[in-house]
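Working notes for the structure below.
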Amino acid sequence: SQQGEEDPQALSIQEGENATMNCSYKTSINNLQWYRQNSGRGLVHLILIRSNEREKHSGRLRVTLDTSKKSSSLLITASRAADTASYFCATDAWKGGSNYKLTFGKGTLLTVNP
Amino acid sequence: KAGVTQTPRYLIKTRGQQVTLSCSPISGHRSVSWYQQTPGQGLQFLFEYFSETQRNKGNFPGRFSGRQFSNSRSEMNVSTLELGDSALYLCASSLGAGLAGFGVYEQYFGPGTRLTVT
């Protein structure tokens, strides 16, 4: 089963509006990352937030992390048509040794209409 | 720096056949991870290689295998293809493997290989 679950599954907004996507996870994590994927292509790393951080900014992106609620949100401000893509959260649950891997949610499909 | 490259980009195979996909990581990166992406299951981790050794493996049957060469290039092989193997296969490279005591290494993804099994 997926560790991270994004919500909503799909989001459609107008250019200039803000877009908020949420991610919930089940087990404790070390880090949470957000990725973007344009239609059928590879993933692009957007931002990483560590478990001891609560908020992080990168350009028009703002990520928050609430470990007590096991949830994160990605906010894209002043959206552009070029932001149209699927957005995934990825969590790790590394407990030591070499058994480290990222677990991805199923993603939120964001459509920004011009 | 050139990004992660994957070949071929598109592939059509028949049930029962086998297939080999190739991934060339970013120069200097020693870790390569493979993922399978399908509409139903999403992105699922297949395995990770670091310095020619498989360090981690996801929950896939033994038909899925991989290897890494001394130049860090990696191949994955799927034998006895099934219809359900139709997917986008993504590889990602990073400087190190997992945390390794130095923090999380950012993964850089290739464009993927679209495999269709008929």
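Every read-out reported here was derived from the displayed coordinates using simple, explicitly stated rules and does not represent laboratory data. Just so it is clear, the model here is predicted, and its values are computed rather than measured. Cβ placement follows ideal geometry from the backbone for every residue including glycine, while neighbour counts extend to all protein chains displayed.
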Exposure proxy order (Cβ contacts within 10 Å, fewest to most) of B:TYR105, B:TYR49, A:TYR87: B:TYR105, A:TYR87, B:TYR49
Reciprocal of mean inverse Cα separation for the protein assembly as shown (Kirkwood radius, Å): 18.1 Å
Chain A - percent relative contact order, Cα under 8 Å, separation 6 or more: 38 percent
Beta bridges by DSSP in chain A, antiparallel share as percent, to the nearest 5: 90 percent
Estimated dipole of the stretch B:1-116 in Debye, rounded to 20 [Cβ of Lys and Arg +1, of Asp and Glu -1, Cα centre]: 180 debye
Residue-count net charge about A:LYS26 - beta-carbon cut-off 11 Å; Lys, Arg +1, Asp, Glu -1: 0
Beta bridges by DSSP in chain B, antiparallel share as percent, to the nearest 5: 90 percent
Descending Cα extents along the principal axes, chain B, whole Å: 43, 28, 26
Distance (nanometres) between label positions extended 7 Å along Cα→Cβ at B:THR116 and B:SER22: 2.3 nm
Over 22 Å (Cα to Cα) - which of A:LYS106/B:LYS57; A:LYS106/B:LYS13; A:LYS70/A:LYS106; A:LYS69/A:LYS106 fall in this group: A:LYS106/B:LYS13
Packing-based ranking, highest mean first, of A:50-60, B:4-14 given that Cβ atoms within 10 Å are counted: B:4-14, A:50-60
Ratio of Rg to Rh over the stretch B:1-47 (Cα coordinates, Kirkwood Rh, two decimals): 1.01
Within-10-Å neighbourhood charge of B:SER22 [Cβ basis; K, R +1; D, E -1]: 0
A:THR27-B:SER79 pseudo-label distance in nm [points 7 Å out on the Cα-to-Cβ vector]: 3.0 nm
Relative contact order %, chain B, counting alpha carbon pairs below 8 Å whose residues are six or more apart: 36 percent
Cα point-scatterer Debye curve for the stretch A:8-66, base-10 log of I(q)/I(0) at q = 0.14, 0.19, 0.21 Å⁻¹: -0.48, -0.87, -1.04
Rg/Rh for chain A, where both radii come from Cα atoms and Rh is the Kirkwood radius: 0.97
Electrostatic dipole magnitude of the stretch A:1-62 [Cβ: Lys, Arg +1; Asp, Glu -1; Cα centre; debye, to 20]: 280 debye
